[in-house]
Amino acid sequence: MPPPPVIIQGGMGVGVSGWPLARAVSRLGQLGVVSGTALDVVLARRLQGGDPEGSLRRALAQFPSSAAASRVLAQYFLPGGKPREQPFRGVPMFTASPTTAQQELAVIAGFVEVWLAKEGHAGLVGINFLEKIQLPLLPILYGALLAGVDYVLVGAGIPREIPGVLDQLARHEPVSIRLHVEGTSTEDEYRLHFDPRLVLGAERPALQRPKFLAIIASSTLALALAKKATGRVDGFVIEGPTAGGHNAPPRGDPQLNERGEPVYGEKDVVDLEKIRMLGLPFWLAGSYGHSQRLRAARSAGAAGVQVGTAFAFCEESGLAPELKAAVLERVQRGRADVFTDPLASASGFPFKVVTLESTLSEAEVYAHRPRLCDLGYLRHVYKRPDGSLGYRCPGEPVEFYVKKGGVAEETIGCKCLCNGLMATIGLAQRQRNGYLERPLVTAGDDVCTLGRFLKPGRSSYTAREVIQDLLGEVEESVMQTAGAGR
């Protein structure tokens, strides 16, 4: 395998770091990364959109089980696409005991996204997961392995069991991980199980075990994973609190600044010396999308940097074009603003939200949305009195959440990230009452610096320009070599 990449393109979900962006970055010799979040729904909705360029069907034709691919097409593909005002057909929400059809769709979704990202070149491709979103993780991960994914990156939790799972899935073996369940005792242990034979049967191609990178925010977690993970850990991405999307909560007593954002301090600074002593490559993330920051990271012993925000608004990203244009226009006017919302995400992690133009505040706009949870990726799994599992989300109707044992205060300020992020990539659901889901844009604190990519007379920029800016002077011959096989 080639040497570690200098630049890792951030795994931004839902679908912002889709296969077109990952492929563009990989062709340029860096690590392109697709988001593994909600890929089953993303595939189902894109098929209902008609797959106008035929890319999804081209990838489906390469899936090892043509019968499984045909079932997914029959279920979701609409030639010519659905009428604009018609809602998307729903995908059943994952539970701890998913149906074979649910697992089949998830495996195929992971395969399609990675296969398209790797198509036509020899560059490296990774897939990114949130450990907090456990229920569909194993089948999507297996699909990524079937497509030959090179790196697996996991953050937002403690992914201790994932390295061992990679070893087993590469051998097509049944796997399981411990399920986070609220209300359990020390004697309880609930596990998620996945058996590749349910999807492929005897059709099992030889697979490579991808490298595993843990996305962390403390040296303590890095040390624990290096020693106690169930398999090989190949490196770390050390993510600071200025990165976009979900941030690790501050360590110590929680405090908020005058805007209501979490306050981070000295305890949240990662001890890089302890990381270096592990002898594993690491990358720094969080406002590292600048050439001088890349040089500083390399000087500190890092293999390179992970960059999300700069790629999130380039031409190849999955963000809806009108949202890219709106944010970049605000950047040029010096009006770009990111709020680290401590309440927005049902995960309990702070989540960064980009302020968009509106006559109402974001809270006022969101207050008009009917409360419901119909995608369910951030639901909390809890133990019922009879020992069975239940599912609740702070974003669902308050009375439902409380009836399931939740605390009403936990619902205050909670937004539906699942539907909001789907809308952000142009896959907004129209609910039964006619409400069209609104986009929810996330970015890192350095979104305000993106104006440097906008050349005179241009209102957009490409992934190539981001990489050239980061690396400084890059010989065109090197870029062409990285893109060989296009």
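Among rounded, prolate and oblate, which fits segment 1-71 when a ≥ b ≥ c are the square roots of the eigenvalues of its C-alpha gyration tensor, a/c under 1.5 means rounded, and a/b larger than b/c means prolate? Working shown, then result.
Details: a/c = 2.30, a/b = 1.74, b/c = 1.32.
Prolate, since a/c reaches 1.5 and a/b exceeds b/c.
Using alpha carbon centroids, what distance separates segment 192-216 and segment 419-448, in Å?
Computed from Cα coordinates, the inter-centre distance equals 31 Å.
Using unit Cβ charges (K, R positive; D, E negative) and no other charged atoms, how large, in debye to the nearest 20, is the dipole of segment 1-160 about its Cα centre? Can you show the working numbers first?
On the way: 13 positive and 9 negative charges, 37 e Å.
Using Cβ point charges on Lys, Arg, Asp and Glu, segment 1-160 gives about 180 debye.
Just order 41-52, 378-389, 145-156, 73-84 by mean Cβ neighbour count inside 10 Å, highest at the front, would you?
Averaged packing, sorted descending, gives the order 145-156, 41-52, 378-389, 73-84.
Say the dipole of the chain comes from +1 at the beta carbon of Lys and Arg and -1 at that of Asp and Glu; which of TYR401, PRO5, GLY18 then lies farthest toward its positive end?
GLY18
Any idea what the relative contact order of segment 1-137 is, in percent, if you count C-alpha pairs under 8 Å spaced at least 6 apart? Write out the running numbers ahead of the final one.
Working: 205 pairs, mean separation 49.1, N = 137.
That works out to 36 percent.
Hydropathy first: keep DSSP H helices in the chain averaging at least -0.5 on Kyte-Doolittle, then drop any whose Cα extent along the axis falls short of 24 Å, and list what survives. Display every interim value, and only then the final one.
On the way: long enough: 100-118 (27 Å, 0.78).
Once both thresholds are applied, what remains is 100-118.
Lone cysteines in the chain, defined as no other cysteine's Cβ under 4.7 Å from theirs: which are they?
CYS314, CYS414, CYS416, CYS418, CYS448
Over all Cα pairs of the chain, how is the pair count split among 20 Å bins, expressed in % and running from 0 up to the last occupied bin?
24, 61, 15, 0
For a distance above 23 Å, tell me the whole-number percent of Cα pairs in segment 180-265 that qualify. Present the calculation step by step, with values, prior to reporting the outcome.
Details: 2030 of 3655 pairs.
Counting pairs separated by more than 23 Å, the tail of P(r) holds 56 percent.
Select from LEU137, GLY110, PRO87 the residue farthest towards the positive end of the dipole of segment 1-145; place +1 on Cβ of Lys and Arg, -1 on Cβ of Asp and Glu, and compute about the Cα centre.
Checking the options against the dipole of segment 1-145, the answer is PRO87.
Past 23 Å, Cα to Cα, is the threshold; run LYS118/LYS228; LYS227/LYS383; LYS352/LYS455; LYS352/LYS383; LYS324/LYS352 against it and keep the listed order. Spell out each step's value before the answer.
Values: LYS118/LYS228 32 Å; LYS227/LYS383 31 Å; LYS352/LYS455 27 Å; LYS352/LYS383 30 Å; LYS324/LYS352 16 Å.
Over 23 Å apart, Cα to Cα: LYS118/LYS228; LYS227/LYS383; LYS352/LYS455; LYS352/LYS383.
Between rounded, prolate and oblate, where does segment 265-386 land on the alpha carbon gyration tensor, with a ≥ b ≥ c its root eigenvalues, rounded for a/c under 1.5, else prolate if a/b exceeds b/c?
On the way: a/c = 2.32, a/b = 1.26, b/c = 1.84.
Here segment 265-386 falls in the oblate category.
When the chain is fully extended, how far beyond the present Cα-Cα distance does LEU272 get from GLN62, taking 0.36 nm per residue of separation? List each step's numbers first, then the result.
Values: separation 210, 0.36 × 210 = 75.60 nm, distance 4.30 nm.
Length difference between fully extended and current span is 71.3 nm.
Quote the charge dipole size of the chain about the Cα centre in Debye, to the nearest 20; the model charges only the Cβ of Lys and Arg (+1) and of Asp and Glu (-1).
Working: 53 positive and 50 negative charges, 158 e Å.
Using only the charged Cβ atoms, the result is roughly 760 debye.
For segment 299-315 and segment 108-134, what is the centre-to-centre distance using only Cα atoms, to the nearest Å?
18 Å
If you put +1 on each Lys and Arg Cβ and -1 on each Asp and Glu Cβ, how big is the dipole of segment 399-472 around its Cα centre, in Debye rounded to 20?
Dipole size: approximately 380 debye.
Given the -39500 (n - 2.57) contribution per DSSP H run of 4+ residues, what per-residue ellipticity at 222 nm results for the chain, rounded to the nearest 500 deg cm²/dmol?
-8500 deg cm²/dmol, from helical runs alone.
With a ≥ b ≥ c the root eigenvalues of the C-alpha gyration tensor of segment 121-251, is it rounded (a/c under 1.5), prolate (a/b larger than b/c) or oblate? Display every interim value, and only then the final one.
Values: a/c = 1.93, a/b = 1.24, b/c = 1.56.
Here segment 121-251 falls in the oblate category.
Count charges around THR309 for me, please; just the other residues with Cβ under 11 Å from its Cβ, Lys/Arg as +1, Asp/Glu as -1.
Working: positive: LYS352; negative: ASP445, ASP446.
Neighbourhood net charge equals -1.
What is the distance in Å between the Cα centroid of segment 373-416 and that of segment 1-29?
Result: 34 Å between the Cα centres.
Mind jotting down the three principal axis lengths of segment 35-172 based on Cα atoms? Whole angstrom, largest first.
Taking max minus min along each principal axis of the Cα atoms, segment 35-172 gives 44, 36, 26 Å.
Give me the net charge of TYR377's neighbourhood, meaning all other residues with Cβ under 12 Å from the Cβ of TYR377; Lys, Arg count +1, Asp, Glu -1.
Working: positive: LYS132, ARG379; negative: ASP40, ASP374.
With Lys, Arg at +1 and Asp, Glu at -1, the neighbours total 0.
All of the numbers you see were taken from the coordinates with simple rules; none came from a lab. Remember, it's a predicted structure, so these values are computed and weren't measured experimentally. So basically every Cβ, Gly included, is an ideal-geometry build from the backbone, and we count neighbours across all protein chains shown.
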